[in-house]
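The values are calculated or read from the model by the stated rules, or taken from the named source; none is laboratory data. Computed from a predicted model, the values in this text were never measured in an experiment. Here Cβ is always computed from backbone atoms with ideal geometry, including for glycine, and neighbour counts include all displayed protein chains. Just the protein is used for accessible areas: all its heavy atoms, side chains included, with ligands, DNA and RNA removed. Shrake-Rupley method; radii C 1.70, N 1.55, O 1.52, S 1.80 Å.
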Amino acid sequence: DGVEKELQALLAAHPHHVEPELICVQREFPTDLGPVDLLCRDANGGAVAVEIKRVGEIAGVEQLTRYLERMEKDPLLRPVRGVLAAQVIKPQARVLAESRGIRVAEVDLRRLRGEEDPELRLFDL
């Protein structure tokens, strides 16, 4: 949907919101099962597949798991870590992701847009 596309564009430009020192290599990285939203490299040069959802649910974890299985077959990428990034991660998705070695990252769309956080204001204007 539109929010996911916006999150993808913003996180591609600012991947450190997913993980410090992450660098985006490619958006919509193709696998034979469909594209993973972001292919990144971490501080050690390791491949990181980032799947972006508005709400992180079990289906997103399953989707990322399938992509990771396919990407692991590529010797140029192996080993590949996975991160499910969303505005909200459902508790069941968090448990399943962590049991599979997939990190989860909750991202704030307002911060990504560079919008002011109203809770940090001293006075209402």
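When the residues of the range 105-116 are narrowed to those that are open to solvent by 50 Å² or more (accessible area, probe 1.4 Å), part of a loop (DSSP other than H, G, I, E, B) and of a type outside the set (Gly, Ala, Ser), which ends up modelled with the lowest pLDDT? Per the stated criteria, the residue is GLU116.
With respect to (1) in contact (Cβ under 8 Å) with a residue 40 or more places away in the chain; (2) under 17 Å from VAL25 (Cα atoms); (3) in contact with a Lys or Arg (Cβ under 7 Å, 6 or more places away or on another chain), the lone exception for MET71 is condition (3). Assess whether ARG70 counts as being of a type outside the set (Ser, Thr, Tyr) and assigned to a strand (DSSP E or B). So ARG70 does not fit the description; no. Scanning the range 5-22 for residues that are open to solvent by less than 50 Å² (accessible area, probe 1.4 Å) and of a type in the set (Asp, Glu) yields a single hit, GLU19. Within the range 63-103, the residues that satisfy the criterion of being open to solvent by 20 Å² or more (accessible area, probe 1.4 Å) and within 17 Å of GLU4 (Cα to Cα) are GLN63, GLN87, VAL88, LYS90.
Taken over the range 23-62, the criterion of being within 19 Å of ASP108 (Cα to Cα), open to solvent by less than 40 Å² (accessible area, probe 1.4 Å) and outside any strand (DSSP E or B) is satisfied by GLY60 alone. Pairs linking a residue in the range 6-32 that is on the phi > 0 side of the Ramachandran plot to a residue that is open to solvent by less than 60 Å² (accessible area, probe 1.4 Å), with Cβ atoms under 6 Å and 6 or more positions apart or on different chains, are GLU28/PRO35.
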